[in-house]
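Down below is the structure, laid out as structure tokens.
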Amino acid sequence: MATSKEFRDFVLEQMSGLKDITCRPMMGEYLLYYNGLLFGGIYDDRLLIKKTSTNQKFQLGEEIPYSGAKPMAYIADLEHPEVLQDIILTTCQGLPIKKN
């Protein structure tokens, strides 16, 4: 099952307080970037983010985005934009920055 555009739009609206969020389509799903840093995606109408040592404090659930993938942190509560944005910023702080 692919992610609906309505769900994608809802998630992006909830993240609208963060500037520099980009969303790229990928095989019926969506990859999410903050300041060019891949932090997660929208898979089958679920918001999943990379697991980092920095986002463990949120005690998020764990789900597999697609068959054969590593587990990711699952954000079930999308109704509180401030909390969601804090989770994203905290996650990105724990991700390695790619060097070109």
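Within the chain, how many Lys pairs that are eight or more residues apart, or on different chains, come under 23 Å at the alpha-carbon?
Here the count comes out as 14.
Each residue of the range 79-92 in turn: what ³J(HN,Hα) in whole Hz from Karplus with 6.51, -1.76, 1.60 and θ = phi - 60°, glycine and Pro shown as x?
Values, residue by residue: 7, 10, x, 5, 5, 4, 5, 5, 4, 5, 4, 5, 4, 5 Hz.
Tell me, in nm to one decimal, what length is gained between PHE58 and SER4 on full extension, where the rule is 0.36 nm per residue of separation less the Cα-Cα distance?
Values: separation 54, 0.36 × 54 = 19.44 nm, distance 2.64 nm.
Residue separation times 0.36 nm, minus the Cα-Cα distance, leaves 16.8 nm.
Which value, in debye to the nearest 20, gives the size of the charge dipole of the chain about its Cα centre, when Lys and Arg are +1 and Asp and Glu are -1 at the Cβ? Kindly include the intermediate steps, with their values, before the conclusion.
Numbers: 11 positive and 13 negative charges, 129 e Å.
Here the size comes out at about 620 debye.
Projected onto the charge dipole of the chain (+1 at Lys/Arg Cβ, -1 at Asp/Glu Cβ, origin at the Cα centre), which of LEU38, MET72, ILE88 gives the Cα projection farthest towards the positive end?
After comparing all options, I get LEU38.
Pick from SER53, SER16, SER67 the residue whose mean-square fluctuation is largest in a GNM of the chain, springs joining Cα atoms under 10 Å.
Taking springs between Cα atoms under 10 Å, the residue moving most is SER67.
With springs only between Cα atoms under 10 Å apart, run a GNM on the chain and tell me which of PRO71, PRO81, PRO25 wobbles the most.
Result for the chain, Cα springs under 10 Å: PRO25 fluctuates most.
Quick one: net charge around SER67, please, counting Lys, Arg +1 and Asp, Glu -1 for every other residue with C-beta under 14 Å from its C-beta. Could you put the intermediate results ahead of the total?
Values: positive: LYS70; negative: GLU29, ASP44, GLU63.
Neighbour charge sum, excluding SER67 itself: -2.
Once Lys and Arg get +1 and Asp and Glu get -1 on their Cβ, which of ALA2, GLY17, ASN55 lies farthest toward the positive end of the dipole of the chain?
ASN55
Which trypsin sites (Lys or Arg not before Pro) from the range 57-100 combine a DSSP loop assignment with at most 14 other Cβ atoms within 10 Å? List each step's numbers first, then the result.
Numbers: sites: LYS57, LYS98, LYS99; in loops: LYS98, LYS99.
Within the range 57-100, the qualifying trypsin sites (Lys or Arg not before Pro) (loop, at most 14 other Cβ atoms within 10 Å) are LYS98, LYS99.
For the chain, what is Rg from Cα atoms divided by 2.2 N^0.38 Å, rounded to two decimals?
0.99
Just to make sure I understand: if all protein chains stay in place, what is the order of MET26, MET72, MET15 by accessible area at 1.4 Å, largest first? Numbers along the way, then the final one.
Working: MET26 95, MET72 25, MET15 0 Å².
From most exposed to least exposed: MET26, MET72, MET15.
What's the magnitude of the charge dipole for the range 14-61 around its Cα centre, counting Lys and Arg as +1 and Asp and Glu as -1 at the beta-carbon? Answer in Debye, nearest 20. Mind dumping the intermediate values first?
Details: 6 positive and 4 negative charges, 46 e Å.
In debye, rounded to 20, the range 14-61 gives about 220.
Let me make sure I get this right: for the range 16-75, a, b and c are the square roots of the gyration tensor eigenvalues over alpha carbons, sorted descending. Under 1.5 in a/c it's rounded, otherwise prolate if a/b > b/c, else oblate. Which is it? Working shown, then result.
Numbers: a/c = 1.88, a/b = 1.08, b/c = 1.75.
The shape class here is oblate.
Between the range 1-41 and the range 50-100, what's the alpha-carbon centroid distance in Å?
13 Å
The values are calculated or read from the model by the stated rules, or taken from the named source; none is laboratory data. Everything quoted here is computed from the prediction, not taken from an experiment. Using ideal geometry, Cβ is built from the backbone for each residue, glycine included, and neighbour counts are taken over all protein chains shown. Protein only, heavy atoms only, side chains kept; ligands, DNA and RNA dropped before computing areas. Shrake-Rupley method; radii C 1.70, N 1.55, O 1.52, S 1.80 Å.
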